[in-house]
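Worksheet for the structure shown next.
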Amino acid sequence: MSAKKGFSEKCEDYLYKRWDDLFDKFEFSDFKEPLGKEKKLIESISSCLTSRTKSYHYVLPTQVLAKINNHSLDARSLQASYGFDARTIAHNVIVPFDQYNYNVLGGSSEPYVNNPLRHPAVTGEYREQQKNKTDWDLLVFVLDKIERKNSIAFTKKVFDQILFEIYRLLKEVKVLYATPNRISLDKALTIIKEFTSQKSGGDRVEAITTVLFQTLGERFHLFDNVLREKVNASDSSTGMAGDIECWSKGEIALLIEVKDKELTLTQLENTLNVARSNKISEVLFMLQKGILKEEFQTIHKKIEGEFNSGQNIYISNLEEFVKNLLILLGESGRTEFIAKVGQELDQSNSPISTKKHWAQLLQNT
């Protein structure tokens, strides 16, 4: 194995490990920007990644990644005559990363052979040869700052900021869902089970349940509308009575609470209080992991007591419920249901990792 090949692999390992480490933080936590209050630097990075000159999109990820893995290198170097040949890292590491992430950087297969980057280095010396001088200046500004600081810790912060900006761009990318023309019951159930097995704070289970009732309502004219709010917003803040509302003739015909954890008595009572105050008599708890074992008897006694006061409470297991309804919907209904899941994920602005997973499952069908 050549030294050059080894360096590419080292860069690749760091890129994907860092991306995996940060991705969940980007998706599911209140993430603080790595560069903190360095507003000009943050804005410069963002502008470079969205430049009208597509080749520029690849410069900062490539140059800074190389610098991290060999801090003696000059981050501004594009060609071996200046210090090192960055093209190898760009084409062997960053381009495949871009392709894996829906061409978020622009989909160029060989960005470093294009005219804007056919120079020894990203420096002011080559400014006049650039059509897009404004964004070239920004590239120079970022890379110059890295060289002046000469700090591995700072360089890593810059790279984390670059990944954060790429993640922001990725959220705006349209994910393509390759829905099959037909799908068997077993295959549909396998996809749904795998999709909902990953933790998502309830988002995935809610999406599947929402689309299931939308399809059911349309096919059998049961509901005029099925509404769902963003999973991380409290029902009280959105004005909704629960996770999912099924409307018919101007009123909520069925209120659905979706739980990806075990149902507790407190959760049951809270939902019942909301249902009563909104005069909703039909409530369904769609559960992925059942009822909390220690409260099983108490919850069922509570449900029996509520029936006497006019409240109909239903508890169903997600997997069994989905299976029964997909049988009822038939092949055409199953295909329609599968197609609508992607639409629901887009409409509810689900995390990009959720969209990508659904798209990959469909692609493997």
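The values are calculated or read from the model by the stated rules, or taken from the named source; none is laboratory data. Please read all numbers here as calculations on a predicted model, not as lab measurements. Because the Cβ atoms are built from the backbone with ideal geometry, glycine has one as well, and the counts that use them run over all protein chains shown.
For the range 270-291, how many residues are out of contact with any helix residue (DSSP H, G or I) (no Cβ under 8 Å at 6 or more places or on another chain) and under 16 Å from K259 (Cβ atoms)?
6
Check the range 48-59 and report whether any residue there is part of a helix (DSSP H, G or I), over 21 Å from T155 (Cβ atoms) and of a type outside the set (G, A, S).
Among the residues of the range 48-59, at least one is part of a helix (DSSP H, G or I), over 21 Å from T155 (Cβ atoms) and of a type outside the set (G, A, S), which makes the answer yes.
Considering only residues that are of a type outside the set (V, I, T), in a helix (DSSP H, G or I) and under 23 Å from T123 (Cβ atoms), which ones fall in the range 139-155?
Taking the range 139-155 first, the residues of a type outside the set (V, I, T) are 139, 141, 143-145, 147-151, 153-154.
Then keep just the ones that are in a helix (DSSP H, G or I); that gives 139, 141, 143-145, 147-149, 153-154.
L139, F141, L143, D144, K145, E147, R148, K149, F154, listed by residue number.
May I ask you to say which residue of I94, I68, I89, I45 is in a helix (DSSP H, G or I), assigned by TED's automatic domain parsing to the domain that holds R127 and closer than 17 Å to A153 by Cα?
Only one candidate passes the filter, namely I68.
Only residues in the range 345-365 that are of a type in the set (K, R) count as the first member; pair them with residues that are part of a helix (DSSP H, G or I) and surrounded by fewer than 19 Cβ atoms within 10 Å (Cβ to Cβ), Cβ under 9 angstrom, at least 6 apart or cross-chain, and list the lot.
Filtered contacts from the range 345-365: K355/D346.
Check every one of the strands (runs of 3 or more DSSP E) wholly within the range 231-326 and list those with 3 or more residues that are more than 27 Å from the chain's Cα centre (by Cα) and surrounded by 13 or more Cβ atoms within 10 Å (Cβ to Cβ).
251-259, 282-287, 312-317
Of the numbered conditions (1) surrounded by 14 or more Cβ atoms within 10 Å (Cβ to Cβ); (2) in contact with a Pro (Cβ under 9 Å, 6 or more places away or on another chain); (3) over 30 Å from G342 (Cα atoms), Q129 satisfies every one except a single condition; which is it?
In the conditions (1) surrounded by 14 or more Cβ atoms within 10 Å (Cβ to Cβ); (2) in contact with a Pro (Cβ under 9 Å, 6 or more places away or on another chain); (3) over 30 Å from G342 (Cα atoms), Q129 misses (1) alone.
Answer yes or no as to whether T179 is at pLDDT 90 or above and in the same structural domain as V283 (by TED's automatic domain parsing).
Criteria not met by T179.
Each row is one residue, and each column tells you yes or no for (1) farther than 25 Å from E331 by Cα; (2) touching a residue at least 24 places away in the same chain (Cβ under 8 Å); (3) under 16 Å from the mean Cα position of the chain (by Cα).
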position: K157; (1), (2), (3): yes, yes, no
position: A188; (1), (2), (3): no, yes, no
position: I191; (1), (2), (3): no, yes, no
position: D203; (1), (2), (3): yes, yes, yes
position: T209; (1), (2), (3): no, yes, no
